[in-house]
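Have a look at the structure below before the remarks.
The values are calculated or read from the model by the stated rules, or taken from the named source; none is laboratory data. What you are looking at is a predicted structure, and each value in this text was computed from that prediction instead of being measured. Heads up, the Cβs are rebuilt from the backbone with ideal geometry, glycines too, and the neighbour counts pull from every protein chain shown.
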């Protein structure tokens, strides 16, 4: 057999006010744009090119 905790009128009013405020703050997301995937090879080529450029500049001096 379970025990039902006593709830005062003040507790009930506070709970009801929290529920009403929470219902007013609901946000709807209407539209989103898809995220474009980044190719790993493309990123690695960019990094490698930057590294080679810095390497050549360093050793030319």
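Data for the structure
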item: Residue 57 being loosely packed, with under 10 Cβ neighbours inside 10 Å, without any contact (Cβ under 8 Å) to a residue 12 or more places away in the chain and part of a loop (DSSP other than H, G, I, E, B); result: no
item: Residue match in region 28-38 (condition: loosely packed, with under 10 Cβ neighbours inside 10 Å, part of a helix (DSSP H, G or I) and either on the phi < 0 side of the Ramachandran plot or at pLDDT below 80 (or both)); result: no
